[in-house]
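Participant: My structure is below; once you've seen it, I'll send some questions.
The values are calculated or read from the model by the stated rules, or taken from the named source; none is laboratory data. Owing to the predicted nature of the structure, the values given are computational and were not obtained by experimental measurement. Here the Cβ positions follow ideal geometry from the backbone for every residue, glycine too, while neighbour counts run over all protein chains shown.
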Amino acid sequence: MNKKSPPRVARIAFPFILIGAVGLSVAVLIPGVRQLHARQTEIDAARAKKQAAEQAVLRLRREISESDTDAWIERVARDELHWAKPGETVFVFNKEPDTASQGQAQPPGQRSP
């Protein structure tokens, strides 16, 4: 028997031990990788939500700065309150519901339930 060569059992067992160690490492790391991916998805969603909120803040600040002008006050009075200057006549048109999209045509003068 040659003393320099490892025993036969060690030569046969080493690849199996190595494969087992790699498999165990992968089994331990996979849940962590999934959790990392889930957290990254949450972070991306939070960043998108933050960006939308920042845009809304900018829009609202712009509206606030515009609300101090005479032109804005006149527009709101005319468009939303239906006010008019002396001598002007205001016409307000009500939008009728689209009966074709409801699937049934309603006879004139009847309302949908």
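Participant: Out of all the residues in segment 8-17, is one or more in a helix (DSSP H, G or I), at pLDDT 85 or above and either touching a Cys at 6+ places or on another chain (Cβ under 9 Å) or basic (K, R) (or both)?
Facilitator: No; the residues of segment 8-17 include none that is in a helix (DSSP H, G or I), at pLDDT 85 or above and either touching a Cys at 6+ places or on another chain (Cβ under 9 Å) or basic (K, R) (or both).
Participant: May I pose another question? Give the residues of segment 26-75 that are farther than 30 Å from E88 by Cα and among the hydroxyl-bearing types (S, T, Y), sorted by residue number. Break it down into steps so the answer makes sense when it comes.
Facilitator: Here is the first cut: in segment 26-75, the residues farther than 30 Å from E88 by Cα are 26-62.
The one that is farther than 30 Å from E88 by Cα and among the hydroxyl-bearing types (S, T, Y): T41.
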